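Novice: I have a structure I would like to understand better, so I am pasting it below and will then ask my questions one at a time.
Derivation of every value follows stated rules applied to the coordinates shown; laboratory data play no part. No experiment lies behind these values; they were computed from the predicted model shown. When we count neighbours, we look across all protein chains shown, and the Cβ atoms used for this are built from the backbone with ideal geometry, even at glycine.
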Number of protein chains: 2
Amino acid sequence: MTLPANRYRPNARQRGEDTWRRILDTALALFAAEGFDGASTREIAERAGVNLPAIQYYFGSKEGLYRAAIAHVGEQVVQTIAPITARVWDSLGSGTPSRAQLIKLLCELVNAVVTMFLDETLPDRENRSLFVSRVEIEHAAALDPLNEIMRQHLLAPGAALVGRLVDRPAEDEQVVLRALMILGQAKIFGSCSVVRSLGWNAIDESRVNSVQSIVNEHTRAICRALKGPA
Amino acid sequence: MTLPANRYRPNARQRGEDTWRRILDTALALFAAEGFDGASTREIAERAGVNLPAIQYYFGSKEGLYRAAIAHVGEQVVQTIAPITARVWDSLGSGTPSRAQLIKLLCELVNAVVTMFLDETLPDRENRSLFVSRVEIEHAAALDPLNEIMRQHLLAPGAALVGRLVDRPAEDEQVVLRALMILGQAKIFGSCSVVRSLGWNAIDESRVNSVQSIVNEHTRAICRALKGPA
DNA sequence: GATTGACAGTATCATTCGATAGACATAACG
DNA sequence: CGTTATGTCTATCGAATGATACTGTCAATC
């Protein structure tokens, strides 16, 4: 086949890195806006200012490009949430954290979700929300990693915290359901239609803070009502 | 053009009603599973056991069929929620309901969302969840009615109830945000990936009741913490 | 300075899609 | 019976799409 050995980005430091990056950025926006089927390679190439076969050259196929875009979003999500997740596991692993600490960590977890969906100082905010929403309805295998990230970095630590609060295992169904609902309060802001219906064209810091303080209030209220095993 | 006057279902009692219905049912399932672009008219026709032009004959176009499917889902959603919504407006319009009544109505509203997404005794449960999820990411105009239904029958009465509880107008941003978050707890169960990750292949009545009792507990806890204007 | 490999560009292929043309069948109705 | 409206079928069109074959360009390397 005589394909160059470094196709599909094995070593990035080459002449074409600009092109590679431009394609990825454009694809990210277009896939987010139009979905996998909706975004045509021709439009991606045109907006990125490259020719059509460049996509196959750099990413192997349209699906390869999609995977790369998803991976990029996944990294951003991990960067936003991983620090809090790590602190949760630390607290739960070492010693016996107080109820106040558990609740505080849960609030931070919820805040991270809000930040991920609403904070426009982070890059690609809208694309991130859209991809995370797509996880739920597009069966595309390329979206699985993102789904797994959300499960491991949000639901799992959330359930672990709630489990401690009600003195039950984190795998207990009631515990998982409670964690899902608490996180659901924040996840609703991943919906573009919700953000749009709020009339929020720009999302400044005060709005993010406002959402976080309210969702923290709710989370604390829920946790306060959580006594030992029912 | 000599088109028959009763095209596109003006009067339904004709010979072709079976065909019409079979196309709509098949399309409902396929559009839900694959999206508008993903579901081809050829596959719809094949699975419905009709020929390809039958879709244009009965629904004018693929988009017409999509609209019909959305409208059908919309009616189901309205049927599930409208009774509770009506009771909310009744209570708020006549007299001054007690806090306990307001909270009870809010719980019923939230329960309706859970029912809508999880109750498998209602027809087309999964299709309904998928369409509602698609509302958030597909800009298709055909989905707007569904979006509007959710806003008028869930968010608006929810915000009205919360507004009374905190003694603020229903349009107040903080009030709307609180209502969104409370409903978000239930809305998370519209996510197929969530239901799947719970390992719930079948959703029996006990599971629905379990979810509802927990979400009611949370909602009451949140409302208890809601005192007059901050 | 010739060669080689990384990249860019043009032209084109094969497939799939929604839609339509137009023939055919059948039931309703005078 | 004959006409007309209603519904079904086969065949096909035109457009859009992902992918590829092939050529051209240019910098690095020996």
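Novice: Measure nothing fancy, just the Cα-based angle from helix A:173-187's long axis to the longest principal axis of chain A, in degrees from 0 to 90, nearest 10.
Specialist: The angle comes out near 60 degrees.
Novice: Still on this structure, please answer the following. How far apart, in nm, are the 7 Å Cα→Cβ label points at B:Asp37 and B:Glu120?
Specialist: Distance between label points: 3.2 nm.
Novice: Right, something else. Give the distance, in whole Å, between the Cα centre of region A:171-205 and the Cα centre of region B:125-171.
Specialist: Centre-to-centre distance over Cα atoms comes out at 14 Å.
Novice: I would also like to ask the following. Using a simple spin-label model with points 7 Å from Cα along the Cα→Cβ vector, what separation in nm is obtained for A:Ala82 and B:Gln101?
Specialist: According to this spin-label approximation, the distance is 5.5 nm.
Novice: Here's another thing I want to ask about it. Out of B:Ile222, A:Ile149, B:Phe117, whose Cα points farthest toward the positive end of the dipole of the protein assembly as shown (charges: +1 Lys, Arg; -1 Asp, Glu; placed on Cβ)?
Specialist: The one lying farthest along the dipole's positive direction is B:Ile222.
Novice: Moving on to the next point. What's the long-distance tail for region B:143-201, i.e. % of Cα pairs beyond 16 Å? Before the final figure, lay out the partial values.
Specialist: On the way: 896 of 1711 pairs.
Tail fraction, whole percent: 52.
Novice: Sorted from largest to smallest, which semi-axis lengths in Å does the alpha carbon gyration tensor of region A:26-162 give for its equivalent ellipsoid, taking the root of 5 times each eigenvalue?
Specialist: They are 36, 13, 12 Å, listed largest first.
Novice: So, one more: Between copies, how far apart are the A:Arg151 label points? List them in nm, one decimal, shortest first, with each point 7 Å from Cα toward Cβ, please?
Specialist: In nanometres, ordered from closest: 3.5.
Novice: Then there's this: When the helix-only estimate is applied to chain A (DSSP H runs of n ≥ 4, each -39,500 (n - 2.57), divided by the residue count), what is the mean residue ellipticity at 222 nm, nearest 500 deg cm²/dmol? Write out the running numbers ahead of the final one.
Specialist: Details: 11 runs with 159 residues, N = 230.
One gets -22500 deg cm²/dmol as the mean residue ellipticity at 222 nm.
Novice: Counting pairwise Cα distances across chain B, what percent come out greater than 28 angstrom?
Specialist: So the portion of pairs separated by more than 28 Å is 40 percent.
Novice: Still on this model: In units of 2.2 N^0.38 Å, what is the alpha-carbon radius of gyration of region A:29-103?
Specialist: Working: Rg = 20.0 Å, N = 75, 2.2 N^0.38 = 11.3 Å.
My calculation over the Cα atoms of region A:29-103 gives 1.77.
Novice: Oh, and also: Could you go through region B:142-159 in sequence order and give the Karplus-derived ³J(HN,Hα) for each residue, using 6.51 cos²θ - 1.76 cosθ + 1.60 with θ = phi - 60°, rounded to whole Hz, and x for Gly and Pro?
Specialist: Karplus values, whole Hz, x for Gly and Pro: 5, 8, 4, x, 5, 4, 5, 4, 4, 5, 6, 9, 10, 5, 4, x, x, 5.
Novice: Additional query: Across region A:99-113, in residue order, what do the Karplus-derived ³J(HN,Hα) couplings come to in whole Hz, using 6.51 cos²θ - 1.76 cosθ + 1.60 with θ = phi - 60° and x for Gly and Pro?
Specialist: Result, rounded to whole Hz: 4, 4, 5, 4, 5, 4, 5, 4, 4, 5, 4, 5, 4, 4, 5.
Novice: So what is the diffusion coefficient of region B:48-90 in µm² per second by Stokes-Einstein at 20 °C and 1.002 mPa s, using a Kirkwood Rh over Cα pairs?
Specialist: 174
Novice: Another question, if that's okay. I need the inter-copy label distances for A:Trp89: point set 7 Å along Cα to C-beta, values in nm with one decimal, smallest first.
Specialist: Ordered by distance, the counterparts are at 5.2 nm.
Novice: Between 0 and 90 degrees, rounded to the nearest ten: what's the tilt of helix A:125-134 against the longest Cα principal axis of chain A?
Specialist: That works out to roughly 80 degrees.
Novice: Moving to a separate point now. If I fit a long axis through the Cα atoms of helix A:205-225 and take the longest principal axis of the Cα atoms of chain A, what angle between them do I get, 0 to 90°, rounded to 10?
Specialist: 40
Novice: With charges only on Cβ, +1 for K and R and -1 for D and E, what is the dipole size of chain A about its Cα centre, in debye, rounded to 20?
Specialist: Charge dipole of chain A: 340 debye, to the nearest 20.
Novice: Right, something else. Using only C-alpha atoms and all pairs of different ones, pull out the Kirkwood radius for the protein assembly as shown in Å with one decimal. Spell out each step's value before the answer.
Specialist: Details: mean 1/r = 0.0419 Å⁻¹.
The Cα-based Kirkwood calculation yields 23.9 Å.
Novice: In nm, what is the difference between 0.36 nm times the number of residues separating A:Ser94 and A:His139 and their Cα-Cα distance?
Specialist: 12.3 nm
Novice: Mind checking which lysines have their Cα closer than 21 Å to the Cα of B:Lys187? Skip sequence neighbours fewer than 8 apart in that chain.
Specialist: The reachable lysines, counting only those whose Cα sits under 21 Å from B:Lys187, are A:Lys187, B:Lys104.
Novice: In whole angstrom, and with the biggest value first, how far do the Cα coordinates of region A:101-177 range along each principal axis?
Specialist: 38, 30, 14
Novice: Hey, another quick one. Going through region A:125-230, which trypsin sites (Lys or Arg not before Pro) have at most 10 other Cβ atoms within 10 Å and a DSSP loop state?
Specialist: Sparse-neighbourhood loop trypsin sites (Lys or Arg not before Pro): A:Lys227.
Novice: If you put a point 7 Å past Cα along the Cβ direction, how far is that point for B:Ser40 from the same point in each other copy, in nm, smallest first?
Specialist: In nanometres, ordered from closest: 1.7.
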